Amino acid sequence: MANTIHVDVVSAEEEIFAGEAEFVALPGEAGELGIYPQHTPLITRIRPGAVRIKVPGQSEDEFVFVAGGILEVQPNGVTVLADTAIRGGDLDEAKAAEAKKLAEEALSNKDASIDYAKAQAELAAAVAQLAAIQKLRQKR
């Protein structure tokens, strides 16, 4: 049997992925993180982007888009607590492009009384989601 680590990816709405993995890659706050079994314990924030999970016996990696959250790594498990998480196959490019457009319009409208931090976070999440869609397309 392959050397594996248990991975859980959850959002406030549902559990997105639970299972064994040989490797997990995701966008950490300070850069891309790669997690193998027996990794040193770690807790860090994660940025919006793609979580890539190498499942034993599968040729294709599992992809999950996360819009930020927290990563906890223990020697026998990885837990991703995401603000929002979407399975790779469920990503909607048109919806992400529209969200990006709306966030850009909100940021460019100087007269409106908007929450700039919220608009910037929405823009960052939409851009990261579009990048995740592109990455997923390249793998296929």
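Computed values, structure above
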read-out	value
Odd one out for GLY49 among (1) without any contact (Cβ under 8 Å) to a residue 24 or more places away in the chain; (2) on the phi > 0 side of the Ramachandran plot; (3) of a type outside the set (Phe, Trp, Tyr)	(1)
Qualifying strands (runs of 3 or more DSSP E) (wholly inside region 47-140; at least 3 residues being in contact with a Pro (Cβ under 7 Å, 6 or more places away or on another chain) and either charged (D, E, K, R) or at pLDDT 85 or above (or both))	62-74
Count - residues of region 1-29 that are small (Gly, Ala, Ser), at pLDDT below 90 and over 12 Å from the mean Cα position of the chain (by Cα)	2
Test for ILE53: is it closer than 15 Å to THR4 by Cβ and under 15 Å from the mean Cα position of the chain (by Cα)	yes
Scan of region 1-46 for residues that are free of Cβ contacts under 8 Å to residues at least 60 places away in the same chain, surrounded by fewer than 15 Cβ atoms within 10 Å (Cβ to Cβ) and outside any loop (DSSP other than H, G, I, E, B), ordered by number	GLU15, ALA18, GLY19, GLY31, GLU32, GLY34, LEU42, ILE43, THR44, ARG45
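The values are calculated or read from the model by the stated rules, or taken from the named source; none is laboratory data. Everything numeric in this text was worked out from a predicted model, so none of it was measured. Don't worry about glycine lacking a Cβ; one is built from the backbone with ideal geometry, like all the others, and counts go over all protein chains shown.
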